[in-house]
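Bear in mind these aren't lab numbers, they're just calculated from the coordinates by the rules spelled out. Only a predicted model underlies this, so the values are computations on that prediction, with no experimental measurement involved. Positions of Cβ are generated from backbone atoms using ideal geometry, with glycine treated the same way; all protein chains shown enter the neighbour counts.
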Amino acid sequence: MATNGKADTSSEEETETIISTAIETGESRDRGPTESPRTVVTARDLDVYYGQERALDGVDIEIPENRVTAIIGPSGCGKSTFLRCINRMNDGIDACRVDGELRFHGTDVYDQGIDPVALRRKIGMVFQKPNPFPKSIYDNVAYGLRVQGRAGEVDLDAAVERALRSAALWDEVKDQLDSSGLDLSGGQQQRLCIARAIAPDPEVILMDEPASALDPIATAKVEDLIDDLAEEYTVVIVTHNMQQAARISDRTAVFLTGGELVEFDDTAKVFENPDHDRVEDYITGKFG
């Protein structure tokens, strides 16, 4: 697997072609309750090192389409490291080394022909702390489309409205789109960041503890939003809040000390009848 390689500009179009072909030749995206969803992201024997320190140890996982997958575990167990591997956000860390396989629709995202910028069009990210740009609400949402040179290809007004509606924010801000995104409340700012991630129309949305800095009311709105987003997107969320994981996710992955993925199953199964004693001990608060 290539790590931290920089593709030339021509690889951006190549990445789009590779990934689009993989998606188009896959199965239907129909989210029927009785159907098994197809796999979007696959890790096989995935190891991640920061220098000599191993952050992930032989991770095997298949993340299903149009579902919410929660990643839980104690601090320092590799949850965020795994999340950031999916769209190569770790590339900027010189000491980071990735071994094994991590595939998006069967395509190795660390292949030398894959451009990380193009990959992130398909796999967006929302961070722990709301980070709106010092721009208007409108310009925050339109930012990704403009940077990608797509502003002339789409109806920008319609795209901004669609993203804000998808983020359950349109009704609150539709009359103040020219106001600074920094003037919004913390919960509104986080939903603005979600709208910004949605606007380029990704397929996967990664969320790294998106509600940890919010009050209970704002947290509830974000949780409701995540449930709605899974109708259109595949959502992968890291959370320290096990109750939150139990409320909002379809599948739960439990990482424990040493970067080991110990259990991955339906959320109800993980919380009510885990296969591993270590997982039960963590969930019941005996350690962690």
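Which of the aspartates and glutamates could be linked to LYS135 by a straight reach, that is with a Cα gap under 18 Å, when you skip same-chain ones fewer than 8 residues away?
By straight Cα distance, LYS135 reaches ASP157, GLU161, GLU172, ASP175, ASP178, ASP183.
Mind listing P(r) for the stretch 176-288? All alpha-carbon pairs, 5 Å bins, whole percents.
With a bin width of 5 Å, the distribution comes to 2, 10, 20, 20, 17, 14, 9, 5, 2, 1, 0.
What are the residues whose amide H is under 5 Å from the amide H of ASP265, where those residues sit 5 or more places off or on another chain and H is modelled from the backbone?
THR252
Could you work out Rg/(2.2 N^0.38 Å) for the stretch 108-160, with Rg from alpha carbons only? Spell out each step's value before the answer.
Details: Rg = 13.4 Å, N = 53, 2.2 N^0.38 = 9.9 Å.
That works out to 1.35 for the stretch 108-160.
For the stretch 230-288, taking Cα atoms only, what is the radius of gyration to one decimal and the Dmax to the nearest whole Å?
Using the Cα atoms of the stretch 230-288, the pair Rg, Dmax is 11.5, 37 Å.
When Lys and Arg each count +1 and Asp and Glu each count -1, what net charge do the other residues less than 15 Å away from ALA167, Cβ to Cβ, add up to?
Taking every other residue near ALA167 into account, the sum is -4.
Percent antiparallel among DSSP beta bridges with both residues in the stretch 10-283, to the nearest 5?
60 percent
Kindly list the residues of the stretch 196-227 that lie in the label zone of PHE133, defined by a backbone N under 17 Å from the point 7 Å along the Cα-to-C-beta vector.
196-202
Work out Dmax and Rg for the chain from the C-alpha atoms and quote the Rg first, both in angstrom.
Both quantities, over Cα of the chain: 18.7, 56 Å.
Taking K and R as +1 and D and E as -1, what net charge do the other residues with C-beta under 12 Å from the C-beta of ASP227 add up to? Show your work: numbers first, answer last.
Numbers: positive: ARG67, LYS221, ARG247; negative: GLU223, ASP224, ASP228, GLU231, GLU232, ASP250.
Once all neighbours under 12 Å are counted, the net charge is -3.
Report the local net charge at LYS286: Lys and Arg +1, Asp and Glu -1, summed over other residues whose C-beta lies under 11 Å from its C-beta. Present the calculation step by step, with values, prior to reporting the outcome.
Working: positive: ARG278; negative: ASP277, GLU280, ASP281.
Once all neighbours under 11 Å are counted, the net charge is -2.
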